[in-house]
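*Asks:* My questions all concern the structure below.
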């Protein structure tokens, strides 16, 4: 390992400058991080849901300390830049969000995502002004660091409350003005909507491939203007799909045919370079 945090940060920022789009996959533990690095991906990101699932909890079920400790394990596993999904920043107040950014930097992260979702059913999104203040506080904390920290701001109205693209764009534009480096709106329904978002902002746009029927090819997303493609929980769920199929075959059919399609231990070891 041994690559300095500043060097990782510079590399990560450069990936957002193009050309085209790059994929940032989401490992859920050290082993999956090593495998993704072995496959040649250029950066990694944590997933709040996947990191919670490995501890038997729901999305957003980790404390800030637990989420950062999990991120640190991913950071220490490879020489790749790592960004983290830090949910709502682990608090409503802008000052708490700013503190979360500083703590994220301390564990070695070179970027993170902060969303405008509250996690409360009755009031799923922060009011517009507070949502912008929270991103502004995060941006201020990021700019105070000694290296370029990529702050991604997420607008969640398409998946949590009001599925209105104009509202999504208004929030993303405000987040950009508040200092966000990357804009992100999960749940965009089609490539036309993706293109509209990309055209409405000047900063790089992240697209989340992870919703069935709303995930598009890398080439299509790049043509629409996307610079970064994250995978959220999709790789974790894909792994669990194979796990469940195998476990059910053993329990329900008493068969072990899944072994015929398994990757071998030497293949895994080679990818992980262990």
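*Asks:* Exposure proxy check: 262, 53 ranked by fewest other beta carbons within 10 Å?
*Replies:* Ascending Cβ contact count within 10 Å gives the list 262, 53.
*Asks:* Over all directions, how big on average is the projection of the convex hull of the alpha-carbon atoms in the range 23-94, in square nanometres?
*Replies:* Averaged projected hull area, Cα only: 4.9 nm².
*Asks:* State the Cα centre-to-centre distance between the range 1-49 and the range 66-118 in whole Å.
*Replies:* Cα centroid of the range 1-49 versus Cα centroid of the range 66-118: 14 Å apart.
*Asks:* Another one. Restricting to the range 5-234, compute how many DSSP beta bridges are antiparallel as a %, nearest 5.
*Replies:* The antiparallel fraction comes to roughly 5 percent.
*Asks:* A further question on this structure: How far is helix 191-200 tilted, in degrees, relative to the longest principal axis of the Cα atoms in the chain, given as a value from 0 to 90 rounded to the nearest 10?
*Replies:* Taking Cα atoms only, the helix is inclined about 40 degrees.
*Asks:* Right, here's the next one. Which one, 193, 239, 104, has the greatest fluctuation when you compute a Gaussian network model over the chain with C-alpha springs under 10 angstrom?
*Replies:* 239
*Asks:* Given Cα pairs under 8 Å that are at least 6 residues apart, what percent is the relative contact order of the chain?
*Replies:* Across the chain, relative contact order equals 20 percent.
*Asks:* Would you list 129, 48, 32 from fewest to most Cβ contacts within 10 Å?
*Replies:* In order of increasing Cβ crowding within 10 Å: 129, 32, 48.
*Asks:* Looking only at 175, 41, 258, which one moves most when the chain is put into a Gaussian network model with springs between Cα atoms under 10 Å?
*Replies:* Result for the chain, Cα springs under 10 Å: 258 fluctuates most.
*Asks:* Report which label in [x] -0.28; [y] -0.39; [z] -0.25 holds the value of log10 I(q)/I(0) by the Debye sum over Cα atoms at q = 0.07 Å⁻¹ derived from the coordinates of this structure.
*Replies:* Of the listed options [x] -0.28; [y] -0.39; [z] -0.25, [z] comes from this structure.
*Asks:* Using the C-alpha atoms of the range 101-146, what convex hull volume per residue, in cubic angstrom, is computed?
*Replies:* 68 Å³
*Asks:* Let me ask something else. Mind jotting down the distance between the C-alpha centroids of the range 137-158 and the range 212-274, whole Å?
*Replies:* 30 Å
*Asks:* Here's a follow-up. Given the options 45, 174, 196, which has the most mean-square fluctuation in a GNM of the chain, springs set between C-alpha atoms less than 10 angstrom apart?
*Replies:* Highest fluctuation of the listed residues: 196.
Laboratory data are not the source of any read-out in this text; all were calculated from the coordinates shown. Not measured: the values here are computed from a predicted model. Methodologically, a virtual Cβ is constructed for each residue, glycine included, from the backbone with ideal geometry; neighbour enumeration extends over all protein chains shown.
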